[in-house]
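Report on one structure; see the data block that follows.
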Amino acid sequence: MSTKTSASLAVILVIFLLVDDVKAGAEDVVWMTRNVDNKAKRFTSTNEELKIFCFEGQHPSLADFWSSAALKIMFDDVDDEFNAFLGPNTTSVMQADTDHEGHWLPTTAPGFQTPRQKGLTTVRLNPFEESSCIGIRPKMVSSSATYTVVLQVYRINYWLVCTTLVGVLLFVYAPLLCRNVFFHYSTGVFVGVAFSFLVLVYLVQRKMHSSFLGGILAGYSLALYFMTSLWANLQDYIVEHHVYVVGYVLAAGGISFAACYRLGPVQNERTLNLIQWCLQLAALVLIYVSSYYQAASFTLAAIVLTWSAIPDRTKSRMRSWYQKG
């Protein structure tokens, strides 16, 4: 056999293996389409195989400003566990799965493992992305794991509508809220409870005999996983330990209220301006994140900001011109 013939056979063999791998990978990819919206698909895994589900987005339009999409994963056995990997395509998902196998610590960074509630996990997808994929690899606790995957596409997500309205109203009424006594005390109590939780986390970190910066750098993945798991299971924690949760909130809230009452409402005009600007900045952020069509939401936030910068006299003239016209 000549050298050219051997080289040709080797090239053909490599191409055959590559095509075979692509076919094998394509068999584990399921495309969820909006044409079969809310139609459940059931799968049974007898080993820890990776199954990838992909969703093809749509072209963004103002009519779909508040649209959203979500992929719900429901396991028949609530004790079954799995790893989920997010990515824009199948290649990134498989790469995230490969990288995850080399880590001993769980991570919740985008594209890696995500925490789940018992029996149900909801993965929010961007309906305007070209494609979104999520890989599911069950952790075999029993002989098999059966789960159901449902794609839900909402033309109008009312949570997003409420977020937009809250953002606009908060921006408009920020000058009044920052000077309101009730808002002053309620915000102080909320900040006090949240700050007390951060102090509690700091004391636990000190108990572990690690420096502040070293604890952040070394325990980033573990801390992030703990926080997201806590948020995902917040309802269970409140129900099971409601006495401790209520006592902690009442104690921290009482101390915060006493501090706010002792100091009194803010009187300095410059401080009030800073509070107003912070509220308006938070309002603009709410408007921006209230839609997956980020170009439109950014434009809406810019319009609100520009309108607030126009002097009142100019606004009055514009209204009079509009009424005359």
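The values are calculated or read from the model by the stated rules, or taken from the named source; none is laboratory data. All values derive from a computational prediction rather than experimental measurement. Note: ideal-geometry Cβ built from the backbone for every residue, glycine included; neighbour counts use all protein chains shown.
If the condition is being in a helix (DSSP H, G or I) and either free of Cβ contacts under 8 Å to residues at least 12 places away in the same chain or exposed (fewer than 14 other Cβ atoms within 10 Å of the Cβ) (or both), then region 144-171 contributes Tyr158, Trp159, Cys162, Leu165, Leu169.
Does Val123 fit the bill of being loosely packed, with under 14 Cβ neighbours inside 10 Å, among the aliphatic types (A, V, I, L, M) and at pLDDT below 90? Write out each step before concluding.
Values: loosely packed, with under 14 Cβ neighbours inside 10 Å: no; among the aliphatic types (A, V, I, L, M): yes; at pLDDT below 90: yes.
In short, no.
In region 298-317, the qualifying residues are those that are in contact with a helix residue (DSSP H, G or I) (Cβ under 8 Å, 6 or more places away or on another chain) and among the small types (Gly, Ala, Ser), and the one that is surrounded by the fewest Cβ atoms within 10 Å (Cβ to Cβ) is Ser308.
Each row is one residue, and each column tells you yes or no for (1) at pLDDT 60 or above; (2) outside any loop (DSSP other than H, G, I, E, B).
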site	(1), (2)
Leu222	no, yes
Ile238	yes, yes
Arg262	yes, yes
Pro265	yes, no
Arg270	yes, yes
Leu274	yes, yes
Cys278	yes, yes
